[in-house]
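Take a look at the structure below.
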Amino acid sequence: MKNLFKVMLALFTIMAMAFPVAVSAAATPAYPTAINGFPVILVETSTNDITLPAGYVTLVLLDTVSTTANESTARLNLNNYLESNPLPSNWSLEVYGGPGITKDEVIKTQTDNNSWQKQHGLFKVSRIQDGVSPLTAGLFQVDMFNDPQTKTLNLQTCFILAPTITGNYEGNSYAYFGNNVLTNSSYFLQSGQIYANSNSRLVWADTSTGTAVQTFSIPYVGGHNYEHSIFYYGPYGSHTKWEMICEDMNTSQFVYHIENNATGTTLQCNINDSVFFENYNTNSNWYWGFSPSTASANSAWEGYGSVVNGSWTGWQSQFASDTLFNNIFGAMSGSLANFGRTTWTLSLIPLGTP
């Protein structure tokens, strides 16, 4: 009997060595604790962020030194880091900084937003499908530059004044307002604001996440002016990455997301390279809680290079459009050209399609 036991034990040991996956747990990825001196304060995955697809990772970093997103981007110096420490293709970076930003504050905001999202479901935004009319999702009110056809551009910026929203007129629906670009490989990126009664916030979205809304974990404050920028990160390195920025111009708090999965190197310069309002509300009084009853953007920029090292200028001209209908609803007034302001009158914005 003892000999039989020894034989069975030997056979089991041999099988375990031949089939290690069957008897050992899957290894946990080794996440860096810092990148170029920026500590990693949070690792976001689909287990703690419902908006992230399975297998995607966002490393959240804290910058306690820089005073602006541009300064922080230059200090991070990611291209040099990635030459010797390449990230997996489904990993991205998000950096927080500015006065009052702390690890605890970022984690609490992220946790609160994730809990709210679990209760209310994912919000999705969209690129404008050229030639499709009527739209099957939210209706778009678009302000786009009208002067880039002979230019090579890979940077677009605008500033958005956040409205104050009270009451519960939007129900479970929402609207999006922001800066949007489509690259020459048809990769779509957005940096803007989601308006929902109990959870208006600062957001980004892109092709890799299926344009599901991802939250920037800095406070949304009605009446504050926010910079929303998108630019190609890799014009001076070998890395094809794009950066989406949100910076509160009143408090100087900032956050930027460096998308490791993005493709393309320039803008397509079509209707998706624009500032637009996207409405998913279907009830006619959805805007009653907004103060003011308008949304506005100002000081739009376009350029080549990056906000750190490049050249850029204000929009030279613009084209305002109700998607493809040349602003026939009259929702937009003013102009983003020459550092001006465009105002969207909310009562004139068409409702989303049920």
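The values are calculated or read from the model by the stated rules, or taken from the named source; none is laboratory data. Worth saying up front: this structure is predicted, and the values here are computed from it rather than measured. Cβ atoms come from the backbone with ideal geometry, glycine included; neighbour counts cover every protein chain shown.
Values for this structure:
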read-out: Test: residue in the stretch 238-247 that is at pLDDT 85 or above, touching a Ser or Thr at 6+ places or on another chain (Cβ under 9 Å), in a strand (DSSP E or B) and aliphatic (A, V, I, L, M); value: yes
read-out: Flag if Gly303 is surrounded by fewer than 16 Cβ atoms within 10 Å (Cβ to Cβ), under 23 Å from the mean Cα position of the chain (by Cα) and over 15 Å from Leu139 (Cα atoms); value: no
read-out: Sole exception among (1) within 25 Å of Asp104 (Cα to Cα); (2) in contact (Cβ under 8 Å) with a residue 60 or more places away in the chain for Gly210, by number; value: (1)
read-out: Looking only at the stretch 111-151, and only at residues there that are loosely packed, with under 12 Cβ neighbours inside 10 Å and β-branched (Val, Ile, Thr), the one that is modelled with the lowest pLDDT; value: Thr136
read-out: Enumeration of residues in the stretch 39-97 that are farther than 24 Å from Lys108 by Cα and either part of a loop (DSSP other than H, G, I, E, B) or of a type in the set (Lys, Arg) (or both); value: Arg75, Asn77, Asn85, Pro86, Leu87, Pro88, Ser89, Asn90
read-out: Filter result (part of a strand (DSSP E or B) and either farther than 13 Å from Arg127 by Cβ or of a type in the set (Ser, Thr, Tyr) (or both)) within the stretch 159-178; value: Phe159, Ile160, Leu161, Thr164, Ile165, Ala175, Tyr176, Phe177
read-out: Single condition Asp49 does not satisfy, out of (1) touching a residue at least 40 places away in the same chain (Cβ under 8 Å); (2) farther than 29 Å from Phe276 by Cα; (3) of a type in the set (D, E, K, R); value: (2)
read-out: Long-range neighbours under 7 Å by Cβ, at least six apart or interchain, first residue within 26 Å of Asn326 (Cβ to Cβ) within the stretch 262-275, second assigned to a loop (DSSP other than H, G, I, E, B) and of a type in the set (Lys, Arg); value: Asn272/Arg127
read-out: Single unsatisfied condition, Met249 versus (1) surrounded by fewer than 24 Cβ atoms within 10 Å (Cβ to Cβ); (2) among the aliphatic types (A, V, I, L, M); (3) farther than 19 Å from Val221 by Cβ; value: (3)
read-out: Which listed residue is hydroxyl-bearing (Ser, Thr, Tyr), more than 19 Å from Phe254 (Cα to Cα) and not in a strand (DSSP E or B), from Ser217, Ser186; value: Ser186
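Residue-wise test of (1) at pLDDT 85 or above; (2) within 30 Å of Leu78 (Cα to Cα).
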site: Ser274; (1), (2): yes, yes
site: Glu278; (1), (2): yes, no
site: Trp288; (1), (2): yes, no
site: Ser321; (1), (2): no, no
site: Phe329; (1), (2): no, no
site: Arg341; (1), (2): yes, no
